[in-house]
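Below you'll find the structure, written out as structure tokens, and then a few comments.
The values are calculated or read from the model by the stated rules, or taken from the named source; none is laboratory data. What you see is a predicted model; the values in this text were computed from it and never measured. Please note: Cβ atoms are built from the backbone with ideal geometry, for glycine as well, and neighbour counts cover all protein chains shown. All accessible areas refer to the heavy atoms of the entire protein, side chains included, with ligands and DNA or RNA removed. Shrake-Rupley method; radii C 1.70, N 1.55, O 1.52, S 1.80 Å.
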Amino acid sequence: MNLVSAKAVPGQVVAPLESQHGSVRPLAAGDLEQVAALFLMKFRHRRRQRDRAIVQTADYMRGLYLDGDESKALVQINPQGRLGGFMGVLKARYELNGRALSAAIIGPFMTDSSIDHGWAGPQLLRALHQSEFDMYLTDSANRTSLAFARPMKYQLLPVHCLEWTCIFRPGAMAAAVLRRKWPGLPRLALDPCARAFDALARRRFEPSAQHSSSQRIHREPIDAAQFAEQLPALMTDYSLRPSWTDGELPRLLALAAEKRADGPLHFGGTYDDTGRMLGCYAFYGQAGGIANLLQIQASGSRWGVTLDGLIAAAREMGCVGITGQTQNRFMPQLFGHKDVFFRYAGGTMVRSRIAEVTEAVRSGDIFIGGLMGDRWTRLSSDDFGRA
């Protein structure tokens with residue numbers, strides 16, 4: 001949820017919300033190119049977008065927001081009939097102690113400052129909150145969105161707002177960050193300096209001692225189908241957790257695998273000597289790049305060995321470091337790794353009128369982030385139209 005999250009009523013089309021300052025209605029196919037152009041200007045800082053970038057972004061948004069039932073995303077149309085703002089929303093299902101809940105995952109939230117006079121954002125939020133969803137959540141709110149949402153009784157989850165980074169090779173990691181920011185930088189100007197620095201710093205950045213060196217615990221790569229089969233079983237100690245129907249989680253993973261900025265999507269699991277899975281993880285990564293965690297989950301006290309397995313897998317792949325969203329349940333294990341740093345990456349917030357949901361969020365008893373957020377979409381990182 002970034003303003004520089006919208007939604008419609010599940011199961012039915014929302015009537016346009018009108019006022020003297022404009023109207024709000026569900027996203028339609030005819031809006032996509034205008035929304036894509038606004039997105040590229042706001043979030044990719046392209047004031048002169050190439051046609052290919054707009055077409056690619058619009059095509060991706062079509063599949064993300066308009067594939068299936070009616071749109072859950074919203075647009076604001078100003079009194080002159082022009083697009084004033086957009087709020088992207090994905091529909092999800094949760095359960096709380098056996099009770100089914102509908103949820104809106106809020107993604108890009110943007111207004112066109114050249115024509116909007118401060119009304120589009122409030123109108124979109126009002127339309128969102130007049131829907132029939134049981135809860136609204138985001139894991140990507142920037143500081144402007146936080147200012148909008150906090151007075152509206154969104155609960156902030158401070159730990160989930162942080163991103164952790166573990167550095168393997170500092171010189172190569174700095175070079176990777178620079179190349180991402182300025183793709184035209186020549187490798188010959190960066191790589192020799194990075195290799196020289198890493199040779200000097202090798203001892204300082206050697207791997208940390210793992211939480212368990214027992215031969216009875218091992219890790220191995222798995223595929224998307226195995227991950228989809230095992231993940232729900234590892235979430236049962238959360239009271240407020242996703243409720244995926246048959247085929248829904250594999251489809252979500254297939255969509256997440258389309259993301260390109262950080263390399264292919266990889267899966268792994270940690271097992272005991274009986275073959276029982278103790279934890280699993282999914283991350284994007286490739287040799288020479290910075291691995292990006294999509295999801296990690298473990299049972300009981302097995303967060304430490306699962307985190308060790310994730311970091312070891314990224315190292316063996318040749319990644320120069322790894323980054324990911326923090327969670328309450330493995331913060332102690334993160335603190336046990338050296339060369340781990342934290343920074344604010346995006347606000348994670350939840351809003352609900354249901355008291356039991358509010359209490360579960362307050363106590364941290366909620367599965368949120370990763371697949372139950374919007375950072376897995378290509379809109380979070382990919383640079384459309386570059387390739």
Worksheet entry | Positions within segment 159-199 being open to solvent by 60 Å² or more (accessible area, probe 1.4 Å) and either of a type in the set (S, T, Y) or within 21 Å of A313 (Cα to Cα) (or both), in sequence order | R169, V177
Worksheet item: Taking the condition among the small types (G, A, S) and either at pLDDT below 75 or in contact with a helix residue (DSSP H, G or I) (Cβ under 8 Å, 6 or more places away or on another chain) (or both), does S145 pass?
Response: no
Worksheet item: Among all residue pairs at least 6 apart or on different chains, which show Cβ distances below 6 Å where the first residue, located in segment 127-148, is farther than 18 Å from R375 by Cα and the second is hydroxyl-bearing (S, T, Y) and surrounded by 23 or more Cβ atoms within 10 Å (Cβ to Cβ)?
Response: M135/S352
Worksheet, complete the sentence: Checked segment 94-144 for anything under 21 Å from Q327 (Cα atoms), open to solvent by less than 10 Å² (accessible area, probe 1.4 Å) and among the polar types (S, T, N, Q); matches are T138
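Residue-wise test of (1) aliphatic (A, V, I, L, M); (2) farther than 30 Å from Y271 by Cα.
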| site | (1), (2) |
| --- | --- |
| G171 | no, yes |
| R180 | no, yes |
| G184 | no, yes |
| H218 | no, no |
| A228 | yes, no |
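What about L156, is it more than 30 Å from I296 (Cβ to Cβ), touching a helix residue (DSSP H, G or I) at 6+ places or on another chain (Cβ under 8 Å), surrounded by 15 or more Cβ atoms within 10 Å (Cβ to Cβ) and not hydroxyl-bearing (S, T, Y)?
On the way: more than 30 Å from I296 (Cβ to Cβ): no; touching a helix residue (DSSP H, G or I) at 6+ places or on another chain (Cβ under 8 Å): yes; surrounded by 15 or more Cβ atoms within 10 Å (Cβ to Cβ): yes; not hydroxyl-bearing (S, T, Y): yes.
No: the conditions fail for L156.
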Discussion item. Let me confirm something: among R219, R241, R260, R276, which residue is in contact with a helix residue (DSSP H, G or I) (Cβ under 9 Å, 6 or more places away or on another chain), open to solvent by 30 Å² or more (accessible area, probe 1.4 Å) and over 28 Å from A172 (Cα atoms)?
Written reply: R241
Discussion item. Among the residues of segment 263-271, are any in contact with a Gly (Cβ under 7 Å, 6 or more places away or on another chain) and at pLDDT below 90?
Written reply: no
Worksheet item: What residue, of G346, G304, G318, is open to solvent by less than 10 Å² (accessible area, probe 1.4 Å) and over 22 Å from the mean Cα position of the chain (by Cα)?
Response: G304
Response to the item:
Among the residues of segment 193-232, the number that are touching a strand residue (DSSP E or B) at 6+ places or on another chain (Cβ under 7 Å) and modelled with pLDDT under 80 is 1
